[in-house]
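These notes are about the structure you will find just below.
Read the figures in this text as sums done on the coordinates, not as results from a lab. On a predicted model such as this, the values are computed, not experimentally measured, just so you know. So basically every Cβ, Gly included, is an ideal-geometry build from the backbone, and we count neighbours across all protein chains shown.
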Ligand code: GLV
Ligand code: MN
Ligand code: MN
């Protein structure tokens with residue numbers, strides 16, 4: 001198949017994607033940093049900012065009851081290729097994690113111009129991938145695959161509002177919102193994302209082809225000791241919950257290092273009562289554990305949680321632990337992964353295959369329809385941080401590759417459908 005777009009046109013499209021990332025980075029619920037959470041006013045402002053861009057590209061725009069932004073270009077009854085990522089962020093985020101993948105979908109629709117494919121393209125801006133508001137991630141993509149189960153709906157935010165209540169409130173404000181479920185003609189899902197790590201930069205490559213994602217667990221640990229006066233209680237008579245948690249946090253690091261390629265992180269900690277002259281009585285910690293092999297992750301999580309009990313018992317405190325989120329590792333669809341690799345090659349880019357360590361909406365969609373991801377080089381490997389960056393020329397490379405992907409998908413659209421129905 002001949003070249004679908006010139007390098008210059010891909011470059012111009014990349015300039016626009018970068019400008020739009022900059023524009024969306026100004027929309028936040030916390031002045032001074034980028035923060036956008038599930039069903040927040042900032043997310044709605046992102047939607048109203050993106051709508052005119054998507055409409056100008058000939059898309060029909062809907063919002064669903066889980067707060068996902070969805071734009072369809074092409075015949076609504078035709079088979080669909082989904083392209084998307086998320087529009088929410090971690091606290092103090094960078095400008096590209098998630099947003100870039102959604103804008104890539106829009107850029108591919110725009111760059112395709114008047115070209116007609118034998119499939120429609122649905123661009124999805126998921127409402128929650130990070131889990132920042134409720135602790136549990138992927139609320140947007142889980143809604144579209146019908147997996148917002150009771151346990152998730154019952155998770156509460158810092159104000160005691162549950163996921164179910166937040167969604168009811170949102171639906172009340174947006175009676176026009178549609179059912180979140182995937183259209184039954186959805187054939188495949190492609191997600192573009194910054195790598196969020198240093199491998200591509202170290203390999204001197206613009207693009208990586210992702211063939212799977214590591215599994216993840218999220219847990220909580222609460223240590224209860226005895227609060228008391230910081231001046232009058234001798235050290236050996238104390239039950240200091242923060243000292244206990246500190247010993248456990250170091251144990252988390254030590255245990256995780258014993259497992260090849262495992263990562264474990266305590267990213268949140270709260271301490272009560274929180275006075276400078278008060279011995280900490282209650283400490284709550286989060287725990288995030290990842291590994292590409294689920295049985296290894298299971299053993300690691302159990303070892304870490306058992307250690308919390310052991311350290312607390314040794315110090316005369318109690319520990320209560322719970323695992324509230326788990327997502328198995330996924331392998332992407334070999335056929336779609338192959339198409340992504342060939343597309344990058346046709347656009348003139350060498351790639352490597354890689355397993356992603358971060359969570360992505362693709363891991364929720366992959367068990368339901370053929371899925372693949374393409375990573376873009378992330379200078380310094382910095383992500384979940386305001387220092388997050390991506391090069392305009394690497395975005396252009398992804399647009400160029402993405403257009404070749406659309407062409408190959410067009411040739412294979414019938415076979416993809418057969419395979420799904422098989
Ligand atoms: C999201 O980016 C995650 O990996 O937790
Ligand atoms: Mn992220
Ligand atoms: Mn992301």
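Mean residue ellipticity, 222 nm, helices only, the chain: the sum of -39500 (n - 2.57) across DSSP H runs of n ≥ 4, divided by residue count and rounded to 500, is -12000 deg cm²/dmol. Segment residue 254..residue 268, full-extension length gain: 3.2 nm, with 0.36 nm per residue of separation and the alpha-carbon distance subtracted. To the nearest ten degrees, helix 99-112 and the longest principal axis of the Cα atoms of the chain are 0 degrees apart. How far, in degrees from 0 to 90, does helix 241-257 lean away from the longest principal axis of the Cα atoms of the chain, to the nearest 10? That works out to roughly 50 degrees.
Across segment 337-381, no residue has a backbone nitrogen under 11 Å from the label position 7 Å along the beta-carbon direction of residue 184. Using a simple spin-label model with pseudo-atoms 7 Å out from Cα toward Cβ, residue 309 and residue 350 lie 5.2 nm apart. In percent, rounded to a whole number, the relative contact order of the chain is 22, using alpha-carbon pairs under 8 Å and six or more apart. Measuring nothing but how far apart in sequence close Cα pairs (under 8 Å, 6+ apart) lie, relative to its length, segment 284-422 scores a relative contact order of 24 percent.
Computing Rg and the Kirkwood Rh from the Cα coordinates of segment 8-124 gives a ratio, Rg/Rh, of 0.97. Taking 282, 121, 34 as the candidate residues, the one with maximal mean-square fluctuation in a Gaussian network model of the chain, Cα springs under 10 Å, is 282. Each listed q (0.12, 0.26 Å⁻¹) maps to a log10 I(q)/I(0) for segment 15-78 from the Debye sum over equal C-alpha point scatterers, namely -0.35, -1.17. When the Cα centres of segment 233-268 and segment 1-79 are compared, how far apart do they sit, in Å? First find each Cα centre; the distance between them is then 41 Å.
Principal axis analysis of the Cα atoms in segment 174-281 yields extents of 68, 49, 21 Å, listed in decreasing size. Where the alpha-carbon atoms of segment 236-324 are placed on the principal axes, they occupy 44, 23, 21 Å, in descending order.
Full extension of the segment from residue 323 to residue 171, taken as 0.36 nm per residue of separation minus the current Cα-Cα distance, would add 51.8 nm. Using the average count of surrounding beta-carbon atoms within 10 Å as a protection proxy, the listed peptides 391-400, 250-259 rank, highest first, as 391-400, 250-259.
Taking 20 °C and 1.002 mPa s as conditions, segment 301-422 diffuses translationally at an estimated 120 µm²/s according to Stokes-Einstein applied to its Kirkwood radius (Cα pairs). Comparing segment 184-238 with the 2.2 N^0.38 Å rule of thumb, its C-alpha radius of gyration ratio is 2.45 (two decimals). One chain, two ends: residue 7 and residue 226. Fully extended at 0.36 nm per residue, the span grows by 72.3 nm beyond their Cα-Cα distance. For residue 56 and residue 331, the FRET efficiency from 1/(1 + (r/R0)^6), where r spans their Cβ atoms and R0 equals 41 Å, is about 0.65. Calculated on the Cα set of the chain, radius of gyration then Dmax: 22.8, 80 Å. Listing 404, 189 from fewest to most neighbouring C-beta atoms within 10 Å gives 404, 189. Here segment 171-230 and segment 279-336 have alpha carbon centers that stand 18 Å from each other.
May I ask for the angle, rounded to the nearest 10°, between helix 294-315 and the longest principal axis of the chain, with both axes built from Cα atoms and the value confined to 0 to 90°? Relative to the chain, helix 294-315 is tipped by roughly 20 degrees. For segment 353-422, the share of alpha carbon pairs falling in successive 5 Å distance bins from zero is 3, 12, 16, 20, 21, 14, 7, 5, 2, 0 percent.
Considering only DSSP beta bridges with both partners in segment 210-369, what is the antiparallel share in %, to the nearest 5? In segment 210-369, approximately 90 percent of DSSP beta bridges are antiparallel ones. Sorting 411, 299, 276 by the number of Cβ atoms found within 10 Å of their own Cβ, with the fewest placed first, yields 276, 411, 299.
Given segment 140-196, report the % of alpha carbon pairs whose separation exceeds 15 Å. It works out to 64 percent of all Cα pairs.
The Stokes-Einstein estimate for segment 223-377, based on a Kirkwood radius over Cα pairs and taken at 37 °C with 0.692 mPa s viscosity, is a diffusion coefficient of 177 µm²/s.
Averaging Cα coordinates gives a centre for segment 340-355 and one for segment 365-402; these two points are 13 Å apart.
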